[in-house]
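Sharing a structure below in structure tokens format, with a few things to ask.
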Amino acid sequence: MCGIVGYIGSRQAAPIVLDGLSKLEYRGYDSAGMAIYNGQEIIVKKAAGRLKVLENLTHAGETMKGTSGIGHTRWATHGVPCDVNSHPHLNPAGTIAVVHNGIIENYISLKKKMINKGYEFVSETDTEVLAHMLDYYYKGNPLEAITKVLHRVEGSYALGILFAEHPDEIYAVRKDSPMIVGRNEEGCFIASDVPAILKYTRTVYYVENQEVVRLKRDGLSFYTVDEEELTKEAVVIDWDADAAEKGGYEHFMLKEMYEQPGTVTDTISPRIKEDDIVIEELNMTDEELRNVSRIHIVACGSAYHAGMTGKYVIEALARIPVEVDLASEFRYRDSILEENSLVIIVSQSGETADSLAALRECKAKGIRVLGIVNVVGSSIAREADSVMHTWAGPEISVATTKAYSAQLVALYVLALKLAKLRGLVDEKRSRELLTELKHLPYHIEVLLGQKEKMQHFANRYVGARDIFFIGRGIDYAISMEGSLKLKEISYIHSEAYAAGELKHGTISLIEEGTLVVAVSTQPGLYQKMISNIVEVKARGAFVMAVTCEENTAIEKVSDYVVYIPETDPLFANSLAIIPLQLFGYYVAVGRGCDVDKPRNLAKSVTVE
């Protein structure tokens, strides 16, 4: 959440900062602001609302002259969205400007101390505490002041700091919130994520926890929190810059849905070599994998739903018991982790705060952690003992589609690897499953080609009040993700239920005309699902069924049927989710919603 961009160099800073912030709009925000040093003083402009408000206020940055500056898009945590609470925040003299992602957990006690020292606060934010503390400890040496503050604050933060007395420098700081720095021939940059500066440079450095970076026009210096200088290696980003643009699609979400065949191919292909599963980056021996006695999948949101599918697939193939936990719950319960357990942290960004905290708790207990992440160099990727990258590329839309699909197939591959090592899948069955995996991208393309059919159906439900999704087994996991896609972008109340639970209270919510989406892709459960469909139909529901081509019997009890191509039932989620993504997308479009940036949501949830 929130976005930080900074620049110091030979060009005008404000237009670069604004452009960078526009590439971070996917992170979710409710206000924006900039601080630019104009040669004499720090000028600050900020405003609640979309970035366009700030662009208009500054005439696209033209009214804020200066070659060094920092900017921020804020998602409110402390204090309501308004101009005063927007970043940057200043010290009393206006000579130090700070932008901040994260949460200062001990800000109340720090604020009381600063008030006792005579400081006055104008905002409700935790960030203003940092501006005043920097002022208090600053005696001419910015690095010294910053490190003194860092020794006193608790919580998570990524900071961009500008000192008027040192106009040829910008400072970046990081603890538990993402931060990168980059450079080109004309200057240096700070940013919360790569897309913000990809237009200007592909040479970046990942800032580690409790590191401080001093940026000058001609170079970077890295320090520990104890002011010891560090040496760091640059990373060259090989993304296609066009990957962060819409490419002719109406929304990033639609573009990213159409990128799913390529994403699935890119995630599977490097791991299938001569009909065998090879996960080179896993950093675990075959013996270590064979000895895994229990798996805990820990994730949030859509990644949690992918983990639910992973549970069914791993247990079915590898016969290893799997628990799936929401990271926000896992980190606060005294979980029992056996010696040979493997914890799998699934995260699109690799920066999800609750998932990262769960990872650190597991490592502190001596439990091996595998990260399944989409962002190379992210915190989870760096801190996990092992990693599987999902190779989905940049995902801009807040509502995930292609990253979710990549997580699914990564879990399929891992499940098959474990099953083969444990001798539970023979060569014939292994080849069959690998063949089905390789065919998934083609099947996804076929389903995406039916978008007009889903658009036509979705138009009937733009005015719906409640929509329910039901399924059993893997189909319940699919239902949860389908429901989430709909409600997060269309704002229609939607719930997913295990179909067998309907009679335990939920069925009382069904009334005449209520849409029930029944997912039925598991042959062993076809008859059970038909019985559940009959139950809701008897209460007046209109039923859309999503099922496999062989299950034509479902037409007798459903009002509308969407067929998916035949595949192994264990991999059905990868196909059944496609029409549900399209359904949610077209309902939201029909309602005039901001599909790529839903209200109150953010792409990367880097605070609790």
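Taking amide H atoms as placed 1.01 Å from N in the peptide plane, list the residues 5 or more away in sequence, or in a different chain, whose amide H sits under 5 Å from that of V561.
A545
With N set to the residue count of region 119-242, report its C-alpha Rg divided by 2.2 N^0.38 Å to two decimal places.
Normalised by 2.2 N^0.38 Å, the Cα Rg of region 119-242 equals 1.09.
Also, quick follow-up: With all protein chains present, how much of the accessible area of the chain (probe radius 1.4 Å) comes from carbon and sulfur, to the nearest whole percent?
Details: 10730 of 22610 Å².
Of the solvent-accessible surface of the chain, carbon and sulfur hold 47 percent.
Using 0.36 nm per residue of separation minus the Cα-Cα distance, give me the extension gain between D559 and L143 in nm, one decimal. Let's see the in-between values first.
Working: separation 416, 0.36 × 416 = 149.76 nm, distance 6.72 nm.
Net length gain for the segment: 143.0 nm.
Can I ask one more? Apply the Karplus curve 6.51 cos²θ - 1.76 cosθ + 1.60, θ = phi - 60°, to the phi angles in region 121-127 and return the couplings in whole Hz, x for Gly and Pro.
Result, ordered by residue: 10, 10, 10, 9, 7, 6, 5 Hz.
With 22 Å as the cut-off, how large is the P(r) tail for region 281-360, expressed as percent of Cα-Cα pairs?
Percentage above 22 Å: 23.
Is the shape of region 447-572 rounded, prolate or oblate, going by the alpha carbon gyration tensor and its root eigenvalues a ≥ b ≥ c, with a/c under 1.5 for rounded and a/b larger than b/c for prolate? It would help to have the intermediate numbers written out before the result.
Working: a/c = 1.41, a/b = 1.09, b/c = 1.30.
Note, shape of region 447-572 comes out rounded.
Continuing with the same structure: Keeping all protein chains in the complex and leaving out DNA, RNA and ligands, what accessible area do you get for V122 with a 1.4 Å probe, in Å² to the nearest 10?
110
Ok, one more. Would you mind checking the radius of gyration and Dmax of region 1-149 based on alpha-carbon positions, in Å?
When restricted to Cα atoms, region 1-149 yields Rg and Dmax of 14.8, 42 Å.
OK, next. Cα atoms only, region 367-416: Rg and Dmax in Å?
When restricted to Cα atoms, region 367-416 yields Rg and Dmax of 11.2, 34 Å.
Rounded to the nearest 500 deg cm²/dmol, what is the calculated helix-only ellipticity per residue at 222 nm for the chain, with -39500 (n - 2.57) per DSSP H run of length n ≥ 4?
-10500 deg cm²/dmol
To continue, here is another question. Want the number for V122 to E323: 0.36 nm per residue separation, take away the alpha-carbon distance, what's left?
Result for the pair: 67.7 nm of gain on full extension.
Same structure again: Give me the lysines in straight-line cross-link reach of K420: C-alpha distance below 16 Å, same-chain residues under 8 apart excluded.
The reachable lysines, counting only those whose Cα sits under 16 Å from K420, are K273, K428.
Using alpha-carbon pairs under 8 Å, 6+ residues apart, how would you state the relative contact order of the chain in percent?
12
For region 329-381, just the Cα atoms, rotate onto the principal axes and tell me the three extents in Å, largest first.
Each principal axis gives a Cα extent; for region 329-381 these are 29, 21, 14 Å.
Based on Cβ point charges of +1 for Lys and Arg and -1 for Asp and Glu, what charge dipole magnitude is obtained for the chain about its Cα centre, in debye rounded to the nearest 20?
900
Then there's this: Using only Cα atoms, what is the ratio of the radius of gyration of the chain to 2.2 N^0.38 Å?
1.01
Can you list residues from other chains, or at least 5 along the same chain, whose modelled amide H is less than 5 Å from the amide H of E154?
E105, N106
When only Cα pairs under 8 Å and 6 or more residues apart are kept, what is the percent relative contact order across region 429-541?
26
Further, regarding this structure: Tell me, what is the per residue accessible area of the chain in Å², probe radius 1.4 Å?
37
Given contacts defined as C-alpha pairs under 8 Å and at least six residues apart, what's the relative contact order of region 131-197, whole-number percent?
Numbers: 74 pairs, mean separation 13.2, N = 67.
About 20 percent, as a whole number.
Could you give the size of the charge dipole of region 191-310 about its Cα centre, using +1 on the Cβ of each K and R and -1 on the Cβ of each D and E, expressed in debye and rounded to the nearest 20?
Approximately 440 debye in magnitude.
Could you work out the pair-distance distribution P(r) of region 295-342 from its alpha-carbon pairs, with 10 angstrom bin width and percents rounded to whole numbers?
P(r) for region 295-342, in whole percents per bin: 27, 53, 20, 0.
How large is log10 of I(q)/I(0) for region 529-607 at q = 0.17, 0.18 Å⁻¹ when the intensity is taken from the Debye formula with one equal scatterer per alpha-carbon?
-0.85, -0.89
Considering only Cα-Cα distances, which of the following residue pairs are longer than 23 Å: K402/K485; K453/K528; K417/K438; K402/K487; K46/K597; K52/K175?
Checking Cα-Cα distances, K453/K528; K52/K175 exceed 23 Å.
Please list, ordered by chain and number, the residues whose modelled amide H lies under 5 Å from the amide H of H296; skip anything fewer than 5 residues away on the same chain.
Result for H296 returns E323, L342, V343, I344.
Please report the equivalent ellipsoid semi-axes of region 221-355, computed as sqrt(5 x eigenvalue) of the Cα gyration tensor, largest first, in whole Å.
Value: 29, 25, 19 Å, ordered largest first.
Put +1 on the Cβ of each Lys and Arg and -1 on the Cβ of each Asp and Glu in region 11-153; which of G20, T95, L143 then has its Cα farthest toward the positive end of the dipole?
Result: L143.
The values are calculated or read from the model by the stated rules, or taken from the named source; none is laboratory data. These figures come from a predicted structure and were not determined experimentally. FYI the Cβ positions are ideal-geometry reconstructions off the backbone, even for glycines, and counts take in every protein chain you see. SASA here: full protein model, heavy atoms, side chains in, ligands and nucleic acids out. Shrake-Rupley method; radii C 1.70, N 1.55, O 1.52, S 1.80 Å.
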